[in-house]
Amino acid sequence: MEYLLGIGSLPPSDEATGFLRINKDKIYGLIRPVDFLVTDMNNERFDDVFICNFGYSKGDFSIYKNLKNGSYEKEIIPTLSGAIRMEYENMDEEKKIVVLFAQEHETLMICNLESNSFKGEKILQFQPEYGATDFQLKDIDNDGDLDVFIGAFSINIGPKDSDVTKDNEISWMKL
Ligand SMILES: [Ca+2]
Ligand SMILES: [Ca+2]
């Protein structure tokens with residue numbers, strides 16, 4: 001399988017001009033998509049796709065369910081802009097989707113499959129100026145439970161414009 005993700009508008013925008021090409025099929029109308037993950041989430045032998053539609057003021061994290069005829073049906077998990085990265089991992093003996101939202105929401109969310117539909121649960125949230133950019137799930141202390149590394153680019157604004165300072169930060173938290 002070959003995949004190509006097109007962001008559409010690179011500068012901040014709510015234009016739905018992004019796309020994901022899957023071999024000869026295409027999912028159109030994506031709002032600045034920046035990450036995707038392919039998996040057969042309902043074990044029907046047809047791959048479904050999770051997409052981070054980062055957007056600007058609008059955006060979402062969604063699953064596109066494979067309708068087995070070359071088309072996909074979108075189901076929004078949360079309507080929230082800034083979805084930037086996701087991971088699919090075994091947690092508590094279940095496969096779960098973990099999604100990071102930037103764009104002032106600065107939120108880490110776990111999505112669980114309930115009654116054939118995904119529900120997002122917020123597990124961490126930072127200040128709007130946090131500037132989350134990336135994360136990784138690793139069992140850092142070898143206790144059998146995944147922990148999370150979060151990379152952030154925060155902007156601390158001082159009393160004058162000239163006092164703007166920028167810091168890079170990596171945080172580590174137990175999930
Ligand atoms: Ca499927
Ligand atoms: Ca651990």
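The values are calculated or read from the model by the stated rules, or taken from the named source; none is laboratory data. In this text the structure is predicted, and so the values were computed from the model without any measurement. Quick reminder, even Gly has a Cβ in these numbers, built from the backbone with ideal geometry, and neighbours come from all protein chains shown.
Of the listed requirements (1) touching a residue at least 24 places away in the same chain (Cβ under 8 Å); (2) farther than 21 Å from Val98 by Cβ, Leu4 misses just one: (1). Exactly one residue among Asp60, Asp92 is at pLDDT below 95 and farther than 13 Å from Ala102 by Cβ, and that residue is Asp92.
Is it true that some residue in segment 143-157 is within 16 Å of ligand 1 (Cβ to nearest atom), crowded, with 18+ Cβ neighbours inside 10 Å and either within 27 Å of Lys65 (Cα to Cα) or at pLDDT 90 or above (or both)?
no
Scan segment 125-140 and give yes if some residue there is within 16 Å of ligand 2 (Cβ to nearest atom), assigned to a loop (DSSP other than H, G, I, E, B) and touching a strand residue (DSSP E or B) at 6+ places or on another chain (Cβ under 8 Å), otherwise no. Yes, segment 125-140 contains a residue that is within 16 Å of ligand 2 (Cβ to nearest atom), assigned to a loop (DSSP other than H, G, I, E, B) and touching a strand residue (DSSP E or B) at 6+ places or on another chain (Cβ under 8 Å). Test each condition in (1) free of Cβ contacts under 8 Å to residues at least 40 places away in the same chain; (2) crowded, with 17+ Cβ neighbours inside 10 Å for Phe50 and report the one that comes out false. For Phe50, the exception is condition (1). Scanning segment 105-119 finds one or more residues that are part of a loop (DSSP other than H, G, I, E, B), buried (at least 18 other Cβ atoms within 10 Å of the Cβ) and either among the charged types (D, E, K, R) or touching a residue at least 24 places away in the same chain (Cβ under 8 Å) (or both).
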